[in-house]
1. Test residue 262 against the stated conditions and say whether it is under 30 Å from residue 173 (Cα atoms) and within 11 Å of the ligand (Cβ to nearest atom).
2. Just one of the numbered conditions (1) crowded, with 24+ Cβ neighbours inside 10 Å; (2) farther than 18 Å from residue 82 by Cβ; (3) under 17 Å from the mean Cα position of the chain (by Cα) is not true of residue 160; which one?
3. Only one residue in 133, 114 is surrounded by fewer than 22 Cβ atoms within 10 Å (Cβ to Cβ) and out of contact with any strand residue (DSSP E or B) (no Cβ under 6 Å at 6 or more places or on another chain), so which one is that?
4. Within the range 257-277, how many residues turn out to be in contact with a strand residue (DSSP E or B) (Cβ under 8 Å, 6 or more places away or on another chain), within 17 Å of residue 28 (Cβ to Cβ) and part of a loop (DSSP other than H, G, I, E, B)?
5. Considering (1) within 7 Å of the ligand (Cβ to nearest atom); (2) at pLDDT 95 or above; (3) part of a loop (DSSP other than H, G, I, E, B), say which one residue 254 fails and leave the rest.
6. Looking at this structure, is residue 270 more than 13 Å from the ligand (Cβ to nearest atom), surrounded by fewer than 16 Cβ atoms within 10 Å (Cβ to Cβ) and more than 17 Å from residue 321 (Cβ to Cβ)?
7. Being modelled with pLDDT of 95 or more, closer than 30 Å to residue 361 by Cβ and surrounded by fewer than 21 Cβ atoms within 10 Å (Cβ to Cβ) is true for just one of 168, 189. Which residue is that?
Ligand SMILES: CC(C)(COP(=O)(O)OP(=O)(O)OC[C@H]1O[C@@H](n2cnc3c(N)ncnc32)[C@H](O)[C@@H]1OP(=O)(O)O)[C@@H](O)C(=O)NCCC(=O)NCCS
């Protein structure tokens, strides 16, 4: 049986739903820029903390502003003991389910909760960005039967996350690679989770509710869940598989009309500009570790997808091998996406509050003909 076609007006494809000064996206030319700054410049020269400032204030920070932001993030990273207890209390299971609960739980320990002033909301945005990394790392440790690790205020956001997850100070190369991954994932205009967050904020609900909505939307395999699906696919093919087997598996998926995770995009008609950097990092980290097979397999898959369908890799494809080489377990890939995207979600939510209008579209009705005759229960 073939799947029913989606309704004629599904997907809001090409619909411009709001104005925003945060992210510029040109899918035809493959351009992504945050507040006017090209993603390639940011990936090469900026840090995640500078990008957070850029998204929240729409300009890069001065040295003093960056120092202030780094201190605010460092001061907010440690989790209150009740939160760590909650992390331990959650049953084992899907990490995104845990993150959805924990993002919501953070509201109960936020001293600015309930204060709708722009200053309080900004402090919450910074705090949430600092803490989402901490809860993901703590959950990852506890799920692996280990004790959570305290943050180190002398380290940046990327290095801190790797320290809190692995228990070891990362090398400069690993910390920088993860920093770039955070930069690349920080925002992407009105993607599904950001739209969900903005819709929630537009009812004048609080930031934690908006971020929890974002986490829920990100969980799906058509959005943030794709990076984990890529790694599972690579693992199923097997690190020791030869090129013929790699090609066979992909051609077989295409013949069965199964979507190959990590390929295709609603907006880009060129290569996803983020994939360019992740491909390079996957290769470099693989070469340093003497473990290049995931990268080589990924290149093969990319070639088959180009040859068969002219479809390009998206941000998720090379994130998978990059994260694996950074020691991040596959079940944390999608939560790690959220660790970065929370900067974009909060930037959009603050922008929404600053000039709010309830988001409430209409639907084209295609249900049973109106009016129907009401038959009382006894007569049905
Ligand atoms: C991202 C995605 C949801 C975009 O979907 P969309 O804009 O609705 O595009 P469509 O699904 O309509 O795809 C258009 C065509 O390309 C094909 N296609 C798109 N992505 C594909 C993929 N990953 N593998 C195989 N074929 C794909 C579709 O089958 C369709 O072909 P058809 O016209 O012959 O039916 C889709 O590409 C996808 O599911 N990708 C895999 C999941 C993924 O990596 N998500 C992360 C995105 S950052």
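The values are calculated or read from the model by the stated rules, or taken from the named source; none is laboratory data. Note that the structure is predicted; figures quoted are calculated from it, not measured. Backbone-built Cβ (ideal geometry, glycine too); neighbour counts: all protein chains shown.
1. Taking the combined requirement at face value, the residue satisfies it.
2. (3)
3. 114
4. 3
5. (3)
6. yes
7. 189
Here's the yes/no breakdown for (1) part of a loop (DSSP other than H, G, I, E, B); (2) crowded, with 17+ Cβ neighbours inside 10 Å; (3) within 16 Å of the ligand (Cβ to nearest atom):
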position: 279; (1), (2), (3): no, yes, yes
position: 295; (1), (2), (3): no, yes, no
position: 300; (1), (2), (3): no, yes, yes
position: 318; (1), (2), (3): no, yes, yes
position: 327; (1), (2), (3): yes, no, no
position: 347; (1), (2), (3): no, yes, no
position: 357; (1), (2), (3): yes, no, no
position: 370; (1), (2), (3): yes, no, no
position: 374; (1), (2), (3): yes, no, no
